[in-house]
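Note sheet for the following structure.
The values are calculated or read from the model by the stated rules, or taken from the named source; none is laboratory data. Quick caveat, the model's predicted, so the values are computed rather than measured. Note that each Cβ is placed from the backbone with ideal geometry, even for glycine, and that neighbours are counted across all protein chains shown.
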Amino acid sequence: MSVFCQSPVPGNSTEALDSLCHLELVNTAVSSCHAYITVLILLYLRCSKRRDDQSGTRKFVCHSLRALLSLLLLLTHLTEISAALLGSQGLLSSCAALLAWAAAQLLYWRAEADRDPRYLLVTLVFWLACGLARAASLFSALDAHLGIQHVAPITAAAASSLCYALVVVDVVSLVFELKVWRETRPGSVIQNESYRHHEACWYSRITFYWLTPLLRLGYRRPLEMEDLGQLPERETAATQFQLFNNIYQREKAHAEGKSVSLWWVYLRCYWTNFALGGLLKLLGDCVGLVPPLGISVVIQYVSTRHTLTHPEFEAVKVAELLSNGCVVAGLVLLSSIAQGSLSQATTHVINVEGIRLKTALQALVYSKALRLRMSVKEEDSTQEGSSGNLTNLMSEDTFNIMSCYWIGHYVWAIPLKIAVLMYLLYCKLGVSALIGAACCILLLTPLQFLIGKQMSSNSKHISEWSDERLRQTNEVLQGVRLIKLCGWETEFANRILRTRRTELKYLDKDSLYWGLMTFLTHASSALITLVTLAAFYILEGSDLSPANVFTGLALFNQLTVPLFIFPITVPIIISALVSTRRLEDFLNLPETHNVIPVNEPEVVIKPEIKPEPDIVETNRPSRADSVFGLGNITELEEPEDDCDDDEEEGEVGSRLGMGGDMFVPAVTIDAATFSWTGSDDPSLIVPNLQIPTGKLTMVVGNTGSGKSSLLSAMLGEMPCIRGVVKWTKGSSIAYVSQ
């Protein structure tokens with residue numbers, strides 16, 4: 001013991017020193033024993049076989065929380081090592097704790113790979129012992145009169161708290177996972193999925209290491225579609241549409257006939273990961289401020305003479321630790337890595353949710369298009385239901401909304417980051433930083449917003465002419481036979497080319513606006529730097545120190561990205577507002593009635609307005625006993641079967657009402673009036689009509705007499721303004737238009 005405790009700490013008692021030394025040895029022994037035992041367990045598991053029923057790595061309960069606590073504990077150990085290098089105390093215990101931490105993470109990984117929660121018993125005991133030892137170190141540091149200004153009590157308190165938190169997490173995971181582990185069930189079949197982000201461990205997700213096998217395969221040979229595997233069930237269009245449509249239908253029911261705000265549906269459906277992406281972006285921006293501030297400390301440290309070590313046997317203070325250039329340089333390195341990881345994680349989370357939103361909207365538009373009334377589909381190109389508009393809704397408008405989702409956090413993050421950067425510049429350069437920022441804002445920002453407004457107006461024209469071009473192209477494709485027969489190819493081609501030239505004119509304007517926006521952004525960063533440095537020289541009348549110069553340049557460099565992105569967000573948000581408005585108008589278009597809903601005794605198409613009092617609905621017999629299909633028909637193969645066939649035909653005819661008293665209509669129309677426009681001006685009047693079940697019914701009439709309109713009325717295409725159209729339960733419909 002005397003080897004480790006040679007002399008007392010100045011100003012403290014020998015007993016306090018001995019206590020600290022004893023606890024340092026205890027911490028070292030606990031960490032070393034855990035690392036040794038864990039290595040033995042891992043070597044044993046390496047040589048043994050895994051469970052036969054495993055079906056791949058499965059994350060335990062509280063996996064992400066455990067990883068986050070472990071990461072914070074790693075930062076605590078690194079802080080202890082930094083303080084130990086300066087103070088020449090506690091280096092052995094800090095290194096042993098770091099080694100034990102790495103062994104614990106390997107054991108966590110192996111436990112999840114083998115799906116065996118019993119390994120958590122080892123880590124649970126270690127965290128409990130480590131927490132007790134660190135708590136004792138905290139009390140000993142307080143007895144040695146070490147306060148909040150010293151590093152030792154802070155790191156001891158943090159390590160003890162994190163160890164106890166890991167104990168709680170391991171207990172919860174152990175209790176829950178043991179119930180699952182004891183169930184003897186064969187391993188489930190893993191689908192061929194290359195997108196394993198959800199199943200990967202936390203460290204693999206934050207570094208995207210789970211993508212390495214696919215990248216390695218792509219390095220060896222060109223990737224094929226089979227290499228990408230199947231899409232996970234939660235990422236399929238059907239799943240995303242079901243999730244989005246359920247919320248949309250609930251909001252539609254609550255609206256009670258009013259227009260539903262799609263923005264509220266976006267928020268309710270995808271707010272969780274959107275909020276997570278915002279939190280990650282906030283953390284990434286905060287960590288990104290460390291390198292510019294750290295440069296000042298490093299330059300000041302290099303400019304003056306300092307020793308790398310601290311006076312021996314003297315407790316290290318927090319201020320001394322943060323003023324050491326080597327420590328701050330390491331902190332800058334870690335912050336840069338953290339900023340890159342958080343930025344990539346934010347981009348991934350937001351992009352995935354944006355793609356899900358786009359997929360759900362495309363499926364919703366497709367579902368709505370299948371239920372549009374025929375009158376809406378036959379309108380001209382200025383209406384929402386035209387083919388060109390549908391194509392743009394599926395492609396351009398959904399893409400605009402997805403892009404708005406991607407840059408949604410820039411709305412608050414960019415102004416906040418600019419404000420923080422300006423405050424830091426003010427602290428370093430004084431009023432001159434505010435003068436430079438004011439010049440930039442007053443001169444360039446109005447120009448950027450003016451260009452953004454022109455871009456928004458130009459984007460609207462691009463969408464309109466794109467709709468027109470797609471409508472004309474679709475018109476040519478539908479009538480290509482007639483166009484070829486009449487020799488109209490040149491005329492229609494010139495018509496489409498004229499529309500395309502008009503569209504390209506607006507696209508060229510859009511490219512010009514983007515070029516001006518980029519030029520103003522880069523000019524603003526150079527202008528603000530020049531004005532600020534000139535104002536500092538004039539107002540302060542003193543030379544700039546190297547630390548302030550490099551710090552100011554680093555902060556000005558960080559201003560470039562926000563100033564470049566912020567004007568871009570304006571037209572994207574405006575385009576998303578326009579696209580959402582177009583989608584809302586499209587989703588509010590009238591639909592056909594569902595003529596055969598599920599699990600209803602009868603299908604009744606009631607009028608869209610209140611029926612007149614003299615119209616009375618009559619009940620018809622159920623079709624439960626009159627089910628008839630092709631399976632009841634016997635093919636006539638031999639003459640001797642004619643008698644049996646006649647008997648069977650008689651039975652079938654009797655059941656269908658062909659000579660009997662029983663009559664079951666497939667569809668009944670009672671005193672119904674129909675209108676394509678839904679107004680009181682009728683397009684078709686049907687006093688009374690019954691279509692029998694099991695018979696061939698032919699509708700004969702002159703051209704324009706209403707044969708197709710009658711079919712549309714029966715199918716729910718034409719709105720019923722008076723009367724009732726009623727289908728029998730179990731009816732099935734197959735419709736082939738002419």
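What is the one condition in (1) surrounded by 15 or more Cβ atoms within 10 Å (Cβ to Cβ); (2) at pLDDT 90 or above; (3) under 30 Å from Tyr248 (Cβ atoms) that Leu279 does not satisfy?
If we test Leu279 against (1) surrounded by 15 or more Cβ atoms within 10 Å (Cβ to Cβ); (2) at pLDDT 90 or above; (3) under 30 Å from Tyr248 (Cβ atoms), just (1) comes out false.
Would you check which residues across segment 577-594 are under 15 Å from Lys252 (Cβ atoms), assigned to a helix (DSSP H, G or I) and not aromatic (Phe, Trp, Tyr) and list them?
Leu583, Glu584, Asp585, Leu587
If Tyr195 meets every condition in (1) free of Cβ contacts under 8 Å to residues at least 40 places away in the same chain; (2) touching a strand residue (DSSP E or B) at 6+ places or on another chain (Cβ under 8 Å) apart from one, which number is that one?
Among (1) free of Cβ contacts under 8 Å to residues at least 40 places away in the same chain; (2) touching a strand residue (DSSP E or B) at 6+ places or on another chain (Cβ under 8 Å), Tyr195 violates only (1).
Please find, among Ala165, Ala135, Ala156, the residue that is part of a helix (DSSP H, G or I), crowded, with 22+ Cβ neighbours inside 10 Å and among the small types (Gly, Ala, Ser).
After applying the criteria, what remains is Ala156.
All but one of (1) outside the structural domain of Thr359 (by TED's automatic domain parsing); (2) surrounded by 13 or more Cβ atoms within 10 Å (Cβ to Cβ) hold for Phe274; state the number of the condition that does not hold.
Failing condition for Phe274: (1).
Please state which one of Ser459, Ser466 is closer than 30 Å to Gly277 by Cα, out of contact with any Leu (no Cβ under 7 Å at 6 or more places or on another chain) and of a type in the set (Ser, Thr, Tyr).
Result of the check over Ser459, Ser466: Ser459.
If I ask for residues that are loosely packed, with under 15 Cβ neighbours inside 10 Å and not in a helix (DSSP H, G or I), which ones from segment 314-347 would you list?
If the condition is that a residue be loosely packed, with under 15 Cβ neighbours inside 10 Å and not in a helix (DSSP H, G or I), then Ser323 is the only one that fits.
Farther than 23 Å from Leu321 by Cα and at pLDDT 85 or above: does that describe Leu132?
Against the criterion (farther than 23 Å from Leu321 by Cα and at pLDDT 85 or above), Leu132 qualifies.
Does at least one position in segment 702-718 carry a residue that is under 16 Å from Pro590 (Cβ atoms) and either surrounded by fewer than 20 Cβ atoms within 10 Å (Cβ to Cβ) or modelled with pLDDT of 85 or more (or both)?
The answer is yes, given that some residue of segment 702-718 is under 16 Å from Pro590 (Cβ atoms) and either surrounded by fewer than 20 Cβ atoms within 10 Å (Cβ to Cβ) or modelled with pLDDT of 85 or more (or both).
Can you name the condition, by its number, that Gly284 falls short on among (1) more than 30 Å from Ile355 (Cα to Cα); (2) surrounded by 19 or more Cβ atoms within 10 Å (Cβ to Cβ); (3) modelled with pLDDT of 90 or more?
Only one criterion is unmet by Gly284, namely (1).
Only one of (1) over 29 Å from Val411 (Cβ atoms); (2) exposed (fewer than 13 other Cβ atoms within 10 Å of the Cβ); (3) without any contact (Cβ under 8 Å) to a residue 12 or more places away in the chain is not met by Ala238, so which one is it?
Unmet condition: (3).
Considering only segment 417-450, state which residues are modelled with pLDDT under 85 and in contact with a Cys (Cβ under 9 Å, 6 or more places away or on another chain).
Matches in segment 417-450: Ala433 only.
Within segment 399-445, can you find the residues that are assigned to a loop (DSSP other than H, G, I, E, B) and out of contact with any Ser or Thr (no Cβ under 7 Å at 6 or more places or on another chain)?
Gly408, His409, Gly430 - these are the residues of segment 399-445 that are assigned to a loop (DSSP other than H, G, I, E, B) and out of contact with any Ser or Thr (no Cβ under 7 Å at 6 or more places or on another chain).
Yes/no per residue for (1) surrounded by 17 or more Cβ atoms within 10 Å (Cβ to Cβ); (2) charged (D, E, K, R); (3) within 35 Å of the chain's Cα centre (by Cα):
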| position | (1), (2), (3) |
| --- | --- |
| Met517 | yes, no, yes |
| Leu530 | no, no, no |
| Asp543 | no, yes, no |
| Pro546 | no, no, no |
| Phe566 | yes, no, yes |
| Pro571 | yes, no, yes |
| Ile574 | yes, no, yes |
| Ser579 | yes, no, yes |
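Which members of segment 685-724 meet the condition of being touching a Ser or Thr at 6+ places or on another chain (Cβ under 7 Å), hydroxyl-bearing (Ser, Thr, Tyr) and assigned to a loop (DSSP other than H, G, I, E, B)?
Matches in segment 685-724: Thr693 only.
Considering only segment 234-244, I want to know if a residue exists there that is outside the structural domain of Leu85 (by TED's automatic domain parsing) and on the phi > 0 side of the Ramachandran plot.
The answer is no; no qualifying residue exists.
Right, Val664: modelled with pLDDT of 75 or more, over 25 Å from Leu372 (Cα atoms) and loosely packed, with under 11 Cβ neighbours inside 10 Å or not?
In short, no.
Does Ala493 count as closer than 30 Å to Asn557 by Cβ and over 33 Å from the mean Cα position of the chain (by Cα)?
Answer is no for this residue.
Which of the numbered conditions does Arg196 fail, given that it passes all the others? Conditions: (1) within 20 Å of the chain's Cα centre (by Cα); (2) over 28 Å from Leu342 (Cα atoms).
It is condition (2) that Arg196 fails.
For segment 175-205, give me each residue that is under 16 Å from Ala113 (Cα atoms), touching a helix residue (DSSP H, G or I) at 6+ places or on another chain (Cβ under 7 Å) and modelled with pLDDT of 70 or more.
Glu177, Leu178, Arg196, His197, Ala200, Cys201, Trp202, Tyr203, Ser204
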